[in-house]
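As structure tokens, the structure follows; a few thoughts come after it.
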Amino acid sequence: MITKFFKYIRDKERRIQDRQYALVSAIGLVTLLIVFIMGLFVGESKEDLLILGGFFVVFGIIAFFSFRYKKVPAGIVISVFLIVFILLPITFFTGGGVYGGSPCWFILCMLLISMMMNGAVKWFFLVCNALVAAGCYALSYLKPELVTRHTYDMVYADSFLSVLIIGGMITLMVEFVIRAYKDESLRSEEREKKIEELNEAQNRFFSNMSHEIRTPINTIIGLNEMNLRENLSEEVNENAVNIQSASRMLLHLINDILDMSKIESGQMKLTVNSYNTGDMLSDIVGMLWMRAKDKGLDFRVDLADDLPSVLMGDEVRIKQILINVLNNAIKYTNEGSVTLSIQAKRRENEDALIIYTVSDTGIGIKKENLPYLFNAFKRVDEEKNKYIEGTGLGLSIVKQLVDLMGGTITVNSIYTKGSSFIIEIPQHIVDDSHLRDTNLEERRRNISAYEYHQSFEAPSAEILIVDDTVENLLVAEKLLRDTKVKIDTATGGKEALKKTLEKKYQVIFMDHLMPKMDGVECLHRIREQVGGLNKDSKIIALTASAGSDIAAMFAKEGFDGYLEKPITGDRLENELRKNLPRDMIVLTGSGEEILEESMLWIRDLEKKEMVMITTESVADLPASLARKNGILILPHMVETEDGLFRDGKEIEQNGLLAYMKDEKAKVKTKAPDVEEHENFFAYALNRANNVVHISISSKVAHSGYYFAKEAAKAFDNVTVVDSGHLSSGQGLMALTAYKMAQEGAGPEEIAKALNSVKKRVNTGFIVDGLEYLSRAGQVSSRIAGITRAFMIRPVLALKKGRIGVGKVYFGSRERAWKRYINSTLRNPSEIDNSLLFVTYVGLSHSDIEKIKTMIEGRMKFDEICFQKASPAIAVNCGPGTFGLLFVRKE
């Protein structure tokens, strides 16, 4: 029995709390037994001894059944309940109260609860224990007769025994916990070590797999390129192009798997170098255009006119990001187009934020799936996409690579209509000559009419190619055949060392991973070879290992360069030409041999705005001002018995007022719904990278704010701002936002500033009466009748986003107008005098002139803009209405 007990508490597979309970149960039972025996010697009362004996039996039974039937958590709860609510109170009153050992047992109980329980149950019993202790103390203080008094000797004996027993229990429990956590720490270290070993094994596996797969693909691509060079029939050339594209996509997939492993293990590093923007785009689109073409998709590349021709960044990773996103766009688009747009936002110190936008007309993404878009191995909308190929790794890798580069990626999508991915990556400008100035037109050529011309000839040059795979040697020889270079080959390091003793080579191409002697070791031996003829020869590594950190490794080891397999003819020729002595080279061509058909799609890009401001027709902005500032307007709807009309486009103010002269005519206003907002935002994002939408106050009737907020959930780049105003007050907010956007402010900065600006915007109207508000159901007909009977002219003002009656004026129209203007403009020094909107409904030309004269007599403005209110605003105001709308100074 004792052996089983010790085996149980040492069992590291069991919960620490279970093992603690076993230890505490054993100690507690032994303690109860000792106290019971000691009680016999010190003369404890029979009642105390009976209680102790009873609890010994009860706790023994609870412990037995808890372990027998594996109900330890329940056993802990029952035991603690009995101790807190029964054992401790009874022993407190029968054991001398505060003049015994009972206070110490309350402390021990708190320790037991803390160590053996978790969560809400633990805190419940801790509070109960404290309350029971407080109750016992209070009751013993108020009714001392309830406490069984101990003799002077018994007080000391009881207290001393309690200290010894409780001290011993605490010592054993703490020691047990320390040992348990030490064991757990050792096990955790062992687990971490095993995980590291597994990660290393996994990385070795992926690296080896990459190497093993790249080797045969190198042969396929190399020999396929030879077919292209032969310029056979059009059908053969087309097949060869398809093989080339498919092989490169397979390599891309292999790189994704390898990179996911590196990212998870924290080994992913960036290699930053200068690269040619045009060359990178040629590679990307050349790899994907055939897939788009096969699906009947229009594939476009839109380049900003000022895109730098040479940038500093990790070209390999940027290319990988764009290929992944473009590949996804093609995969999930069945008709329409896929477009890659690139812009540059210049910063200080020759830095730029390069903005890549991939847009498609595909199936789109549901709003509820957007949060999971960048999860590894997670494919959204599985049911609809179950027949579409893919690993589910691509976008997860994209997100992590973009984060690694200090960039951002955002998504805008409308389900069933398409998606846009916007990737922003900071890079350094190396050559600011614009890409379009580098004569891209000369680079356009149809790949199906591919003709090979060697870029140089070097008949006197001698090179050595070292590779343990015969097929790779064959490919390299064939690719360099037309350069007339003399080529020797070796199938391993030993053979290579023999040849380097016998002959001088200008360039040696060395495979990295070879059996017996790898390329690194062979390099060092050639450099140190006694009597060797190639100590100063250029040695270029050939590697089937992928990754940005590989370049740094080769440079550190002393290689003069490296080529990543699969090797293409142009890369091999360019590397050789770069490393051969110039006097051996005779140039014969341009060196640009595989010129992608994709460049045919490069077209002028209508430059996208970084931030576009949008608002609604109820903002009452003059159309000319909106067009001039590039502010897009979303019309509200006006519903009459004759149908539904777009505010300001299909119905105008005068026609609406004429219609409403019939008191039976019913007119309602309606905000655009979620779908209409989504379509509007999607259109705006075709012209800008970000949208800030200034909405009518959320607290007025028929507001479109909540529809806009819901629609914005489909886009990462749409920010909706509650203007807290309507009419030209809302328009002033839009103009403020536009000015900030032109100064380079981002969406968050604009939204934050507008929350401050809206407190300073004055939006109010003086109306002839409340009849129109009554017909719109916003005030009662009785109140409208009273205002008409007493010639009351109310001022409707917005306060904290809500519209209400501010002041009222009595008397004639002109008298009320003058008092309204004088009151509103009573503190000219506090008003920004750059622009005043006078937004009106149903005023004549003479009325407008009178109002203008009154305003100018009170205060001078740089510009006063008289603007007809939109029909959606006019519905609620009626003729004879105008308002002064302006911004107060800070």
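The test for being surrounded by fewer than 22 Cβ atoms within 10 Å (Cβ to Cβ) and touching a Pro at 6+ places or on another chain (Cβ under 8 Å) does not hold for R627. Within segment 316-340, if we keep just the residues that are more than 20 Å from the chain's Cα centre (by Cα) and open to solvent by less than 10 Å² (accessible area, probe 1.4 Å), the residue that is farthest from L270 (Cα to Cα) turns out to be T333. Among the residues of segment 671-724, what is the count of those that are free of Cβ contacts under 8 Å to residues at least 60 places away in the same chain, over 22 Å from L373 (Cβ atoms) and of a type in the set (D, E, K, R)? The total comes to 2. In segment 346-362, the residue that is farthest from L307 (Cα to Cα) out of those that are more than 21 Å from the chain's Cα centre (by Cα) and surrounded by fewer than 20 Cβ atoms within 10 Å (Cβ to Cβ) is T361. Is segment 445-467 home to any residue that is at pLDDT below 90 and within 30 Å of N686 (Cα to Cα)? Within segment 445-467 (the criterion being at pLDDT below 90 and within 30 Å of N686 (Cα to Cα)), the answer is yes, since at least one residue qualifies.
Can you name the residue in segment 576-604 that is in a loop (DSSP other than H, G, I, E, B) and modelled with pLDDT of 80 or more and is also most open to solvent (accessible area, probe 1.4 Å) among such residues?
P581
For L632, indicate whether it is touching a residue at least 24 places away in the same chain (Cβ under 8 Å) and under 19 Å from A737 (Cβ atoms). Yes; evaluated as a whole, the condition is true for this residue. Taking every residue in segment 144-165 that is closer than 21 Å to C109 by Cα and assigned to a helix (DSSP H, G or I) and pairing it with any residue that is open to solvent by less than 50 Å² (accessible area, probe 1.4 Å) and among the charged types (D, E, K, R), at least 6 positions away or on another chain, the pairs with Cβ-Cβ distances below 9 Å are D158/E44. Residues in segment 653-699 that are closer than 17 Å to L726 by Cβ and in a strand (DSSP E or B): K668, T669, K670, H693, I694, S695. Being open to solvent by less than 90 Å² (accessible area, probe 1.4 Å), modelled with pLDDT under 85 and touching a Phe, Trp or Tyr at 6+ places or on another chain (Cβ under 6 Å) is a condition met by no residue of segment 178-189.
Counting only residues that are modelled with pLDDT under 65 and among the charged types (D, E, K, R), segment 353-403 holds 8 of them. Can you pull out every residue in segment 705-753 that is open to solvent by 40 Å² or more (accessible area, probe 1.4 Å) and either of a type in the set (D, E, K, R) or at pLDDT below 90 (or both)? K709, E710, K713, D716, K739, E743, G744, E748, E749, K752, listed by residue number. Do we have V530 as of a type in the set (V, I, T) and at pLDDT below 90 here? Answer is yes for this residue. Run D673 past the list (1) open to solvent by 40 Å² or more (accessible area, probe 1.4 Å); (2) over 30 Å from S337 (Cβ atoms) and report the number of the one that doesn't hold. Among (1) open to solvent by 40 Å² or more (accessible area, probe 1.4 Å); (2) over 30 Å from S337 (Cβ atoms), the lone unmet condition for D673 is (2). For segment 558-575, a residue qualifies if it is modelled with pLDDT of 85 or more and open to solvent by 60 Å² or more (accessible area, probe 1.4 Å), and the qualifying residues are D560, Y562.
Just wondering, is there one or more residues in segment 648-658 that are touching a residue at least 40 places away in the same chain (Cβ under 8 Å), open to solvent by less than 30 Å² (accessible area, probe 1.4 Å) and within 41 Å of the chain's Cα centre (by Cα)? Within segment 648-658, none of the residues are touching a residue at least 40 places away in the same chain (Cβ under 8 Å), open to solvent by less than 30 Å² (accessible area, probe 1.4 Å) and within 41 Å of the chain's Cα centre (by Cα).
Selection within segment 844-876: residues that are touching a Pro at 6+ places or on another chain (Cβ under 8 Å) and closer than 26 Å to K649 by Cβ. The member of this set that is surrounded by the fewest Cβ atoms within 10 Å (Cβ to Cβ) is C865.
When the residues of segment 460-501 are filtered to those that are free of Cβ contacts under 8 Å to residues at least 40 places away in the same chain and part of a loop (DSSP other than H, G, I, E, B), the one that is surrounded by the most Cβ atoms within 10 Å (Cβ to Cβ) is G492. Taking (1) without any contact (Cβ under 8 Å) to a residue 40 or more places away in the chain; (2) more than 43 Å from the chain's Cα centre (by Cα) in turn, A623 satisfies each apart from (2). Quick one: would you say S66 is more than 18 Å from C109 (Cα to Cα), of a type outside the set (A, V, I, L, M, F, W, C), crowded, with 17+ Cβ neighbours inside 10 Å and at pLDDT 80 or above? Answer is yes for this residue. Report, by residue number, each residue of segment 799-839 that is closer than 21 Å to I694 by Cβ and open to solvent by 20 Å² or more (accessible area, probe 1.4 Å). Of everything in segment 799-839, those that are closer than 21 Å to I694 by Cβ and open to solvent by 20 Å² or more (accessible area, probe 1.4 Å) turn out to be K799, K800, R802, I803, D832, S834, L835.
Restricted to segment 552-577, and to residues there that are touching a residue at least 40 places away in the same chain (Cβ under 8 Å) and more than 13 Å from L542 (Cβ to Cβ), the residue that is nearest to the chain's Cα centre (by Cα) is A552. Here F125, F92, F85 are screened, and the one residue that is within 24 Å of G60 (Cβ to Cβ), assigned to a helix (DSSP H, G or I), open to solvent by 50 Å² or more (accessible area, probe 1.4 Å) and aromatic (F, W, Y) is F85.
The values are calculated or read from the model by the stated rules, or taken from the named source; none is laboratory data. In this text, all values refer to a predicted model and were calculated from it rather than measured experimentally. Note: ideal-geometry Cβ built from the backbone for every residue, glycine included; neighbour counts use all protein chains shown. Side chains are part of the model used for accessible areas, which takes the heavy atoms of the whole protein and leaves out ligands, DNA and RNA. Shrake-Rupley method; radii C 1.70, N 1.55, O 1.52, S 1.80 Å.
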